[in-house]
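Novice: My structure is below; once you've seen it, I'll send some questions.
The values are calculated or read from the model by the stated rules, or taken from the named source; none is laboratory data. The structure presented is a predicted model; accordingly, all values stated were derived computationally and were not measured. Methodologically, a virtual Cβ is constructed for each residue, glycine included, from the backbone with ideal geometry; neighbour enumeration extends over all protein chains shown.
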Amino acid sequence: MKKVILAFLGVLSLASVASAQKKTSGAIQYETTIDPATMMAASGIKIPEQMAARMPSTSKSNFELLFNATNASYMPVEETEDSNGAGGGGGGMGRMMRGFGGAGGNREYYYTFADKKLVEVFDLNDTTYVMQSGLKLNTSGPINTFGGMGRNNPNDTTKPKPIVPPKIEVVKTDATKQILGLNCNEVIVKSTRSVKILGMDKDVTEETHIWYTKDLGFDFSPNPNMWTEGTVLAIEGRGNSTIAKSIEYRNVSNKDVTAPKKAIAITDAEYKVKMENMMKRFRGNGNNRPAGAGGQRVIVVN
C-alpha cells in the first residue's frame, strides 16, 4: 500500500513539473482595434459630419506573441482560408512574412528576457535592417494621437512654433482584473497637451489604460513605447486598443523566437535620416513613390 501511495505521489509530482514547464512556453493572440474618428475626437479635433462620413471605418488586425523560457517574438498574423478545402483544414491563423503588404506596415518584435533587450527589424527598399531599442514609457504622448492634424495651414507664413512635449502623468491604480485567467493590474497614462482649436488654445488630456500581469514571469508589451512593468495584456485608449484574446501553452522552438541573422544594423538617427530623404524624393517625384517607401517595420527584442 505504501508503494502505491508513493507511486501516486510520484505521478502527481511529474504532472506538476510538466504543468510548470508547459506554462513557460506558448502563444498569445492579440487583437488591435482602431477607430480613426473616435481617436481624432479624443485629441480635441472636431470633425465635420461630411468628413466623418468619408473617414475609414473601424479596422481590426491580429498579432501573435510566441514565448519560451528565454525569448519571445511578436508579429502580425493573417487569417488564412483554404478555398479548395485541401488538407482537411478550414480557416486558421498564419504568421505574416516580413515584407507582406499591409495597412500601417508590419512589425516584428524579438525579445531576450535575460538582458531585456528589444530589437526592431524592418524592411526598407528591399533591405532588412535591425535597430536596437527597448521597452519603455514614451513621454512624448500616448499611442496613435492625432496631435499634428489640422495645424499646417498653407496660408500661414509665420514661423512654426517649436513642438512642446505633453505633460505625462502615470497613475498606478488599485484596480485588478483577470485577462486569460491571469491576474492583471492597471496603470493609467495621462497625456495633457495644448492644442489650437478654432483659433483658441485648449488643454486636451488623453488617457491610456495599461493592464499588465506578472504571472508569466517576463516583460513584454505589444507597444514597446507603452510599458511600465510585467507582461502587458491590454492597452486601451479612446478609439484604439490592443487586447490579448487567447492563450495556448505549448512548445515553442528557439527558431521561432530568434531575430533574423541577416540584417544590417542601423541606429534610430540613421533611420530618421533615411525616412526624411525618402519623403523628400517622394515629394519631388510626385506619384513616383520609391519602392519600399514606408517599409514594414519589424521590432525585435534581443
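Novice: Could you run through region 215-235 and say how many residues are surrounded by fewer than 17 Cβ atoms within 10 Å (Cβ to Cβ) and farther than 14 Å from T24 by Cβ?
Specialist: Selection size over region 215-235: 2.
Novice: If we keep just the residues of region 149-196 that are in a loop (DSSP other than H, G, I, E, B) and modelled with pLDDT of 95 or more, which is nearest to the chain's Cα centre (by Cα)? So that I can check it myself, show each step before the final result.
Specialist: Filtering region 149-196 for residues in a loop (DSSP other than H, G, I, E, B) gives 149-166, 180-181.
Now narrow it down to the ones that are modelled with pLDDT of 95 or more: 180-181.
Details: L180: 18, G181: 22 Å.
That would be L180.
Novice: When only residues in region 260-286 that are modelled with pLDDT of 90 or more and part of a loop (DSSP other than H, G, I, E, B) count, which is surrounded by the fewest Cβ atoms within 10 Å (Cβ to Cβ)?
Specialist: This residue is T267.
Novice: Filter region 19-33 down to the residues that are at pLDDT below 80 and over 19 Å from N254 (Cα atoms) and list them by number.
Specialist: Residues of region 19-33 that are at pLDDT below 80, as a first pass: 19-23.
Scanning region 19-33 gives a single hit, S19.
Novice: If we keep just the residues of region 111-135 that are farther than 25 Å from M278 by Cβ and not β-branched (V, I, T), which is surrounded by the most Cβ atoms within 10 Å (Cβ to Cβ)?
Specialist: Selected residue: Y111.
Novice: Are any residues in region 91-122 farther than 24 Å from T267 by Cβ, of a type outside the set (A, V, I, L, M, F, W, C) and modelled with pLDDT of 50 or more, and if so, which ones?
Specialist: Passing the criteria: G94, R95.
Novice: Still on this structure: So which residues in region 200-220 are more than 14 Å from E186 (Cβ to Cβ), touching a Ser or Thr at 6+ places or on another chain (Cβ under 9 Å) and not charged (D, E, K, R)? Lay out the reasoning, then the answer.
Specialist: Of the residues in region 200-220, the ones more than 14 Å from E186 (Cβ to Cβ) are 200-206, 215-220.
So of that shortlist, the ones also touching a Ser or Thr at 6+ places or on another chain (Cβ under 9 Å) come out as 201-206, 215-220.
Within region 200-220, V204, T205, L216, G217, F218, F220 meet the criteria.
Novice: Using beta carbons and a limit of 9 Å, which pairs, at least six apart or on different chains, have the first residue in region 244-256 and modelled with pLDDT of 95 or more and the second one of a type in the set (D, E) and assigned to a strand (DSSP E or B)?
Specialist: So the pair list comes out as A244/E31; K245/E31.
Novice: Another one. Output the number of the condition that R238 fails; it satisfies all remaining conditions of (1) more than 24 Å from V119 (Cβ to Cβ); (2) of a type in the set (D, E, K, R); (3) over 21 Å from the mean Cα position of the chain (by Cα); (4) at pLDDT below 95.
Specialist: (3)
Novice: Quick one: how many residues across region 185-208 are out of contact with any Pro (no Cβ under 8 Å at 6 or more places or on another chain), under 17 Å from G237 (Cβ atoms) and either among the acidic types (D, E) or crowded, with 17+ Cβ neighbours inside 10 Å (or both)?
Specialist: 4
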